[in-house]
Amino acid sequence: MLAIAVPAAGVVLAMALGGRQAERIALAAASAGLCIALAIAANIWQSRTPIAYHLGGWAPPLGIALRADGLSAIMAVTTAVVICAIGLFARQGFSVPEGAQEARAPMVFWTLLMGVWAGLNAVWFGADLFTLYVALELLTFGAVPLVSLDGRAETLAAALRYLLFALLGSAMYLLGVALFYGAYGTLDIALLSGLVRAEPVVWVAVALMTAGLIAKTALFPLHLWLPPAHAGAPAAASALLSALVVKGSFVLIVRIWFDTIPSLLNQAAAQMLAALGAAAIVFGSVLALRQERLKLLIAYSTIAQIGYLFFLFPLASAPLRVASGTTELWTGVAWTGGVLQLVSHAVAKAAMFMAAGLIAEALGHDRIAGLGGIARVLPMTVFAFGLGGMSLMGLPPSGGFVAKAMLLMAAVAEGQWWWSVVILAGGLLAAGYVFRVLTPALAATDAPLTLRTPVSSGRQGVVLALAICALLLGLVPLRPSLLLEVGRHIPTTVIAR
């Protein structure tokens, strides 16, 4: 409960005490939130049992439950780490100096940062479909204003487009929730998993909810809102949106198919979701190669990298493969690879968007053709961008390499070799757009480069630390993670009320 209550209380305190205190409140909440997330993960790791908390002592279906399993614990820790880094990075751009008049942007940014964080934790730990709807709305109305913090006409248009897609997705999700409640009289995921049957109302509800969440995740072809929204937002906001916000709706798709209707997840639906993911990888990568602006390139690469996540559905739901008398749980390998892709992309993409923001601040633009020689002036920033790019390409020893290798091995072992072709092609395309940035950045120039604004080494250090995290994730063993297995096939046990 504290994982949601602490950032929510920070929002209230920031609004009560004013913009001068908002930064301090947000940074204090970030430190506390990281400790809470680590404590939850440690508890689950030691007990090997999911945690459930019944609000007010009322058990479902009368009450609301929060549940933490291996997936939600890992996502909570990832969220806390990325938000702490974003908070440190944003201090220079969204602080109110002593003696200066309070500005609108710092107050709004720090308040919305905590609001988005509360919404994300509610998504990770929500255990019934309507609570997850409320969490989605909190996430949407915290994220949309971050796109248009500068008030420019193009960012306002991008925010409005984002809002329309998000509201359409929410309406479709809510219709599905209503159908589930009308059919079974409960919205608790654990209870629904034992009640659902293969009947038309279930398929209609799941189709509506999945389509709505795909729009929020920006999966091809419902991706139109993402590039202008992420590219036009401030660097800290872009990092938050790309690294975490789009992952919230994806995790809800996973909860619906793997937790709510596990007995109805068939290969036809799984293959369709993966086909959309494959199209996103190709389409997003090709468009990234054609971009002239750095932030737009990174935004389109987000569309491509999201596509890999949808390989989780056919690969992690396939039956056990028996070979030479030995049963190999390749679904566990695919599950671990998919979640590792979720985490490694979050830290790598946050680092790349913040690196792009520093470059744009220093040069006054983010045109790729005008990056010549920037590596000599901002070596730490360009190095961090390159490390993040390694993870996107799937080069060893990065976390992206381990994640894609796991998905690749699972695809081959399960006889779904066609997805391995897409994974390899996506890595080559990613190399193309990453080196399209690094080539001019590392090139020598005749005239010395003059920076428009100096960039502090502290902010560069934050970006580099996140990029190194993406690299160190490659040390994860190539086997199913024990923490991620907690809650997949084990009934939830209430250990706290």
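The values are calculated or read from the model by the stated rules, or taken from the named source; none is laboratory data. Note that this is a predicted model, so its numbers are computed, not measured. Here Cβ is always computed from backbone atoms with ideal geometry, including for glycine, and neighbour counts include all displayed protein chains.
Tabulated values for the structure
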{"read-out": "Unmet criterion (only one of (1) surrounded by fewer than 21 Cβ atoms within 10 Å (Cβ to Cβ); (2) touching a residue at least 40 places away in the same chain (Cβ under 8 Å); (3) more than 23 Å from the chain's Cα centre (by Cα)) for residue 379", "value": "(2)"}
{"read-out": "Yes/no for residue 217 being surrounded by 19 or more Cβ atoms within 10 Å (Cβ to Cβ), more than 26 Å from residue 66 (Cα to Cα) and β-branched (Val, Ile, Thr)", "value": "no"}
{"read-out": "Among (1) surrounded by 21 or more Cβ atoms within 10 Å (Cβ to Cβ); (2) of a type in the set (A, V, I, L, M, F, W, C); (3) free of Cβ contacts under 8 Å to residues at least 60 places away in the same chain; (4) within 21 Å of residue 67 (Cα to Cα), the one test that residue 189 misses", "value": "(3)"}
{"read-out": "Residue 40 buried (at least 16 other Cβ atoms within 10 Å of the Cβ) and free of Cβ contacts under 8 Å to residues at least 40 places away in the same chain", "value": "yes"}
{"read-out": "Failed criterion for residue 67 (all others in (1) in contact with a Pro (Cβ under 9 Å, 6 or more places away or on another chain); (2) of a type outside the set (Val, Ile, Thr); (3) part of a helix (DSSP H, G or I); (4) modelled with pLDDT of 85 or more hold)", "value": "(3)"}
{"read-out": "Residue within region 455-466 that is basic (Lys, Arg) and over 23 Å from the mean Cα position of the chain (by Cα) present", "value": "no"}
{"read-out": "Qualifying residue in region 46-54 (condition: outside any strand (DSSP E or B) and either at pLDDT 90 or above or in contact with a His (Cβ under 6 Å, 6 or more places away or on another chain) (or both))", "value": "no"}
{"read-out": "Unmet criterion (only one of (1) closer than 14 Å to residue 243 by Cα; (2) in contact with a Ser or Thr (Cβ under 7 Å, 6 or more places away or on another chain); (3) surrounded by fewer than 24 Cβ atoms within 10 Å (Cβ to Cβ)) for residue 362", "value": "(1)"}
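Residue-by-condition table, conditions (1) charged (D, E, K, R); (2) buried (at least 24 other Cβ atoms within 10 Å of the Cβ); (3) touching a residue at least 12 places away in the same chain (Cβ under 8 Å):
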residue	(1), (2), (3)
337	no, yes, yes
349	yes, yes, yes
354	no, yes, yes
367	yes, no, yes
375	no, no, yes
388	no, yes, yes
